[in-house]
Structures are given as structure tokens and as C-alpha cells.
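Where a number appears in this text, it was derived from the coordinates with a stated rule and is not lab data. This structure is a prediction, so every number in the text was calculated from the model and none was measured. Reconstructed Cβ throughout: ideal geometry from the backbone, glycine too, with neighbour counts over all protein chains shown.
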Amino acid sequence: MRTLSETDLLTALLALAVILVLARAMAEIARRVGQPEVLGELFAGFLLGPSVFGALAPSVYHTLLLNPTVGLILSGFSWIGAILLLLMAGLEVDLDLLKGLARPGALTAAFAVVPSLLAGTVFAALVLHRVPPSGVYLGIVLSVTGVSVAAKILIERGSMRREYAQIIVAAGVASEVVVWLLVAVASSLHSSSPVIAGLLHTAYALAVFLVALTVGRRFVFWTMRRVQDATGIIRGQVTLVLALVFVAAAATQALGLHALLGAFVVGVILGRSPRTNEKLMDGLQMLTVAVFGPIFFALAGMRVDILQLGSVSAIETVLLLLVVATVVKMGFGALGALLGGTRPWAAAIVGAGVNLKGGTDVVVAVVGTTLGLLTATAYTMYAVVAIITVLFSPALIGFLERRAPPTEKEHKRLEAEEASSRSYVPRVERVLVPISKQLRGSLAASVVESIAVAKHRQGQIFDITEVEVKSGSQNRSVKAQEARDRIGEAGTLKTVEVTEESVGAADIVARILDVSKDYDLIAIGAKPPDTKGALSLGRMQDRIIDEADADVLVAVDDRSEHFNCGALSRILVPTNGLEYSMAAGDIAASLAESCGAQVILMHIVHPVVEARTDRGSGKREAVDRAGGVLDELEFRIRRLNVEVDTHTVTADNAGQAIVDELRAGAYDLVVMGGIDRGRDGRVYLGNSIHTALVGGKTPALLLLTHEKSASP
């Protein structure tokens with residue numbers, strides 16, 4: 001295998017360092033002046049290219065950046081950057097949302113691609129004197145949308161979840177699929193049967209999407225679960241995602257559809273897959289934004305050589321190309337969105353979005369120069385057009401966005417998504433249910449089953465692992481079988497996966513704690529504590545609460561061995577405003593959504609401000625804080641369309657206030673959050689929970705965390 005010489009390695013490392021530093025520096029400058037970072041990265045490449053660096057220091061430029069071996073290394077980094085940018089764009093795509101936007105997306109794509117293809121071909125023939133087949137290639141370049149740039153700008157603006165943003169992405173992806181088919185046809189125009197080649201590539205594209213969204217989806221889901229759950233590899237998910245992306249990119253490249261299509265498809269699948277958590281996203285974002293993305297955009301800018309233009313007439317040609325490309329793409333793109341039912345101002349944003357350049361279109365242009373279908377001068381002209389387009393588009397989109405507020409339907413969806421991002425249950429993906437008589441597994445399993453139903457209705461992944469821990473060779477009890485049956489019912493839901501483990505252990509708790517590593521939640525059952533002495537939910541329960549790394553959900557009931565969802569109508573959620581009590585409210589909301597119940601939120605304020613009531617400010621501040629807490633929790637809960645009632649009480653003894661409310665309100669369940677502040681194996685959840693459990697005589701759910709992880 002050929003290796004780099006020491007000189008080539010030194011030069012390549014210096015080149016990478018220079019490109020990264022300048023690209024990131026210019027991205028920061030662009031951000032500070034209100035421009036997208038991608039513009040700064042493109043401009044950094046322009047500064048490092050032949051127009052500036054090459055003109056000012058030609059010998060250094062040739063040594064550092066024109067070394068053939070270094071060029072191959074930089075090209076490899078650039079392609080990885082393009083692949084990762086398309087992966088990140090795919091992660092932002094919501095297929096469920098796109099289903100409702102199929103018509104405007106398809107019409108936008110058709111109206112953006114076909115007129116641009118014709119306009120570019122005519123421009124090449126009349127102005128550049130390039131006739132088909134080579135003259136068609138400029139039209140191909142003009143017809144594609146820079147999806148990676150569009151996605152990056154929309155993400156930076158916080159607009160990616162708007163309907164017009166999804167239409168832009170959908171139309172852009174459609175344009176990319178069509179364009180790579182056109183590239184394949186263009187590259188085979190000199191073959192004996194270009195039409196057959198085009199039809200073959202179309203069939204390949206359809207097959208890629210069909211396989212990806214069926215077999216590919218199941219495979220990705222399975223591997224994402226197994227790498228996270230069954231291995232201890234540090235950042236194993238990042239490695240897996242990169243491997244999946246590279247394999248998919250290689251497959252589509254081999255089919256003549258280009259590597260970027262495979263990367264995008266994997267991103268779309270990963271956006272809804274298990275274990276696609278914040279940690280994984282941060283790892284991928286770090287690689288893309290900090291390393292490979294800047295190199296891709298910088299190298300695209302480095303190909304621009306304005307010295308090739310060399311005359312006023314060439315500059316006039318660039319300006320004419322800018323006007324033609326912009327007017328055709330924006331005008332017809334907006335028209336397509338408008339005909340698809342998009343509101344006028346939003347349709348205008350779609351037109352501006354599909355006109356964005358500087359991403360895949362640049363890659364297509366580079367491929368064209370490699371194939372000899374696009375001259376170096378034509379590439380430079382187009383690259384200048386792309387940079388100017390990226391320069392004015394964000395400001396134009398911002399101007400149009402102010403005139404396109406969300407519709408009522410869109411506003412509700414955006415609110416629900418925001419509420420979900422701030423809520424507890426959507427982040428809970430893996431739950432462990434120990435099947436044990438002492439831990440009342442049937443009671444815990446019935447609660448988890450109801451939560452699974454609510455998660456399924458929201459389209460959220462929820463994986464349940466039931467662990468039956470046996471001592472010796474004892475047979476499975478009737479209650480253990482009932483627990484398994486309940487979890488099995490949850491396993492029939494499409495978004496829920498159930499796995500089973502059965503292990504023998506002398507120390508049951510130790511085995512449960514060992515299995516529970518990397519879980520989000522452990523669900524157990526318990527009887528109410530004794531009325532005398534310190535609070536204890538049972539020897540095994542106390543130890544799990546005290547020693548588990550995960551949060552613990554404890555179902556407390558002495559009336560029944562299972563949670564009766566059908567009999568649930570009123571749920572009380574006492575809250576003090578801290579995050580663990582807010583999380584308990586979210587658990588209650590999921591149960592209410594599953595069982596058709598009402599949630600009553602009670603914020604308890606300690607009367608320490610009464611001493612200042614002569615001025616009234618202290619009491620008003622307390623009431624305002626209480627109102628804010630209830631508003632926030634109600635905002636999170638209403639995403640599930642659950643009926644909510646709220647009220648605030650002032651009490652010296654919060655526990656007694658809860659007991660009084662339970663006795664007066666005919667509640668079926670109380671859900672409370674708490675922190676275990678115990679030491680040396682002892683559980684201490686506070687007097688309020690103890691009083692409420694002992695005096696309330698009502699079934700309860702306790703969501704318990706540890707002091708070290710309980711910051712709001």
C-alpha cells in the first residue's frame with residue numbers, strides 16, 4: 001500500500017491547519033455580522049484560492065495547496081464533509097410532516113428544476129456558446145438546490161421545523177435525486193443508449209428509497225439498539241452511524257446515484273431511530289461543524305479564480321447569470337409552492353430557499369469540470385453566483401419570515417414540539433421492569449404498559465426490558481406471568497420493543513442494579529410505608545432507590561396488584577417548581593393521555609412571605625412564581641391534549657396539604673417527584689412524601705432521582 005512521504009504529510013497537516021483556522025475564523029466573522037457561517041467558510045476558501053493567496057504568494061500557494069498528494073487528501077476530507085452535511089440535513093427531515101406536504105413539495109421541486117434546467121441550457125447556448133450535450137450541464141447545475149446550505153441556514157435561524165422549511169428540504173432533496181440522475185445521463189450521452197441509462201438510474205433511485213425505508217430502517221433500528229445496549233464501546237453509536245453512512249454512500253455511488261444521496265437517506269432514517277439522543281447528535285455535529293464541513297466549503301471557495309474572468313464583459317456575464325438563475329429559480333419555485341397550497345409569503349420563502357446555492361450544486365459543478373462538461377471559467381462564474389446568492393439570501397429569508405407567521409395549525413404543532421423538547425417522558429427511551437414478587441412486578445408492569453401506550457400514540461420509541469430474577473430453580477409465579485403478559489401487550493405496539501431476561505442470583509438487587517446500567521428508568525412496585533418510624537418502601541425497594549444510577553418509578557398501592565387504567569379519572573400532581581416534580585407531572589400526563597383522565601396541578605407555597613404582606617410585594621412575587629410554574633407544567637402537559645386544572649395553596653406543611661387535597665378531591669392517583677437525599681443505604685425522600693403516602697390513603701406514583709442529578 002502506498003504511504004505518504006514525510007514531506008507530503010507535513011504539507012498536508014499544515015494545509016489542513018490553515019484551512020480550518022481561516023474557515024472557522026471567517027465563519028465567526030460572518031456570524032457576528034449577521035450572515036450564515038457557511039458564507040464565511042466559502043469566503044475563506046476564496047481567500048486561500050488563486051485569486052488572493054495564489055496571486056500574493058504564488059510559490060507558497062503552489063507548495064502548500066497545489067501539491068497533488070495534498071490535493072487528494074484535501075479532496076477526501078471535503079467529500080466526507082459533504083457526506084456529513086447531507087447526513088445532518090437528513091436528520092432534520094420529518095417524514096410524517098412531509099407526508100402532509102407532499103403536494104407543495106413535489107410541485108416546488110418540479111417548478112424549480114425544469115425551468116432552471118431549460119434556462120441554464122439556453123444561457124449556455126446563447127451567452128457562453130456551449131451547445132448540448134455540454135451546454136445542458138449548466139442547466140443541471142442551476143436546477144439543484146444547495147440542501148446542505150439551506151438546512152444550515154434554517155437551523156441557524158431556528159426555522160427548520162416550519163412548514164416552509166420542510167418544503168424547501170423536500171424540494172431540495174427531490175432536485176438532488178433528479179439532478180444526479182441527469183448527471184448520470186449527461187455522463188453517458190456519448191454512450192450508445194443514454195435513454196436506457198437514465199431509466200435504469202431512475203429505477204435504482206426508487207429501489208434505494210424502497211429498500212431504505214423497509215429493510216434498511218429495521219436494520220438501522222436493530223443495530224442502533226444493540227450497539228448502545230449490548231456493548232461498552234465509547235462513542236460506539238457515532239462509529240456505527242459513520243459506518244452506516246459510508247456504506248450507504250458507497251452503495252448509491254456504485255449505482256451511479258452519487259454518495260450524497262445515500263448519506264441523506266441514512267440521515268432520514270436515523271432521525272426517527274432509537275438511541276438518536278443528544279449525545280449522539282453532539283458527536284456528529286462536532287465532526288461536521290468543527291472539522292469536515294468547513295473544509296468542504298473552503299475547498300469549494302478555493303476553486304473560484306476570478307482572474308479567469310479578466311474582463312468587464314465576463315463580469316457582466318456573471319451578473320446576467322445571477323439574475324437569470326435567481327429570477328427563474330425563485331419565481332418558479334414560489335409558484336410551485338403557491339399552487340401546492342402554500343400561503344403567498346411562505347411560498348416566497350420557499351422560492352428563496354430553493355434558490356440557495358453553495359452546497360450540492362457546487363459538488364455537481366465540480367463533477368462537471370471533471371467530466372469536461374463544464375469549463376473552469378463557467379465554474380468560476382457559477383461559484384461567484386453561488387457566493388453572492390448565499391450573501392443576500394439569509395437577509396431576504398429573514399425579511400419574508402417576518403411576514404409569514406405560523407398558521408394556527410402550525411403554531412399548535414410548533415408548541416407541541418417545543419413542549420415535548422422540555423418534557424421528561426419523551427427523553428425516556430429505555431425502562432427496566434424487574435419481575436419479582438418482592439418488587440411487585442405486576443403493579444409496575446401495568447403502569448409501564450400505560451406509559452407505553454401514550455408514547456406509542458406520540459410516535460416515540462420506548463424499549464422495555466423485563467428482568468425476571470429467580471433464586472435457584474423456582475418456577476415462575478402467577479403474578480410474574482401476569483406482569484409478563486402486560487409487558488407483552490405493550491410489545492405489540494409498533495414503536496415499542498420488549499426484551500426479556502431471566503437470571504438467577506442470590507443477591508437479587510445487586511443483579512438488578514447490574515442489569516440496569518445505561519437505562520433511563522427502573523420501574524418497581526411497593527406497598528405504602530408503615531405509619532410509624534422512618535419512611536421505607538421495603539428493603540429491596542429502598543436499596544434500588546438508593547443505589548441505582550437511573551431514575552426510579554415506584555408504584556405504591558396496597559389495594560391491588562395491578563394499575564387499573566380504566567378506573568382512572570382524576571390525578572393529583574403536587575409541585576414545588578423544581579424539575580423533578582415537573583417530571584412527575586409529565587408522567588401523570590402520559591397516564592392521563594393513555595387512560596382518558598384529568599390532571600390537577602397543585603402548587604404549594606410556603607407562607608414565609610406572610611411577614612411582608614404589609615407591603616404586599618412578597619406575596620405577589622410568590623403568587624407570580626407559582627403561576628409561572630403552573631403555566632410551564634400546563635404548557636408541557638397540553639401537548640398530549642389532556643384536560644388540566646390548576647390551583648395554588650399556601651401551607652406550612654406541604655405533606656398535610658397534599659393529604660387534605662386528596663381527601664377533599666376524590667382522586668384516584670397522586671403522582672409526586674422526589675429526591676433521595678439519604679446516606680449510608682438509607683432512603684430519605686422528605687417529610688412531604690412520607691406524610692402524603694401515609695395519610696393520603698390513595699395509590700401513588702413516585703418518580704425518584706438522586707441529589708447529584710436533580711438540578712432543575
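Applying 0.36 nm per residue to the separation of ARG343 and ALA25 and subtracting their alpha-carbon distance, the gain on full extension is 110.6 nm. Going by neighbour counts of Cβ atoms within 10 Å, the residues ARG486, ARG235, ARG103, ARG162 line up, fewest first, as ARG235, ARG103, ARG162, ARG486. Within the chain, antiparallel bridges make up roughly 10 percent of the DSSP beta bridges whose residues both belong there. Reported to the nearest whole Å, the Cα centre-to-centre distance from the range 332-349 to the range 93-141 is 16. Residues of the range 158-180 with amide nitrogen under 20 Å from the 7 Å Cα-to-Cβ point of ILE196? Within reach of a label on ILE196: no residues.
Of SER273, SER59, SER560, the sequence from fewest to most neighbouring Cβ atoms within 10 angstrom is SER59, SER560, SER273. Taking the average, over residues, of other Cβ atoms within 10 Å as the packing measure, peptides 256-266, 121-131 rank 256-266, 121-131 from highest down.
Treating the angle as unsigned and between 0 and 90°, give the value, to the nearest 10°, between the Cα long axis of helix 654-665 and the longest Cα principal axis of the chain. For helix 654-665, the angle is close to 80 degrees.
Once fully extended, how much extra length lies between ASN641 and LEU118, figured as 0.36 nm per residue of separation less the alpha-carbon to alpha-carbon distance? Spell out each step's value before the answer.
On the way: separation 523, 0.36 × 523 = 188.28 nm, distance 4.94 nm.
Fully extending the segment from ASN641 to LEU118 adds 183.3 nm.
Relative to the dominant Cα principal axis of the chain, helix 37-48 is inclined by about 40°. Note on ARG217 and ASP96: the model spin-label points, each 7 Å out from Cα along the C-beta direction, lie 1.2 nm apart.
Residues within the reach of a label modelled at ALA376 (point 7 angstrom out along Cα to beta-carbon, backbone nitrogen below 14 Å), restricted to the range 303-345, are 303-310. Relative to the longest principal axis of the Cα atoms of the chain, the long axis of helix 194-211 makes an angle of roughly 10 degrees. Extending 7 Å from the Cα toward the beta-carbon at both VAL131 and LYS697 defines two label points whose distance is 9.8 nm. Is the shape of the range 34-193 best called rounded, prolate or oblate, per the rule: a/c under 1.5 gives rounded, else a/b larger than b/c gives prolate, else oblate, with a ≥ b ≥ c the square roots of the Cα gyration tensor eigenvalues? Here the range 34-193 falls in the oblate category.
A Cα-only calculation for the chain places Rg and Dmax at 30.3, 95 Å.
With Cα atoms defining each centre, the range 502-575 and the range 160-184 are spaced 49 Å apart in the structure. A crude spin-label estimate for the pair SER59 and ARG427, with each label 7 Å from Cα along the Cβ direction, gives 5.9 nm. Exposure proxy shown here: for THR317, THR698, the number of other Cβ atoms within 10 Å sets the order, fewest to most, as THR317, THR698.
Our helix-only sum for the chain, with -39,500 (n - 2.57) per DSSP H run of n ≥ 4 divided by its residues, gives a mean residue ellipticity at 222 nm of -20000 deg cm²/dmol. Only Lys, Arg, Asp and Glu carry charge here, each on its Cβ (+1 for the first two, -1 for the last two); on that basis the chain has a dipole of about 960 debye about its Cα centre.
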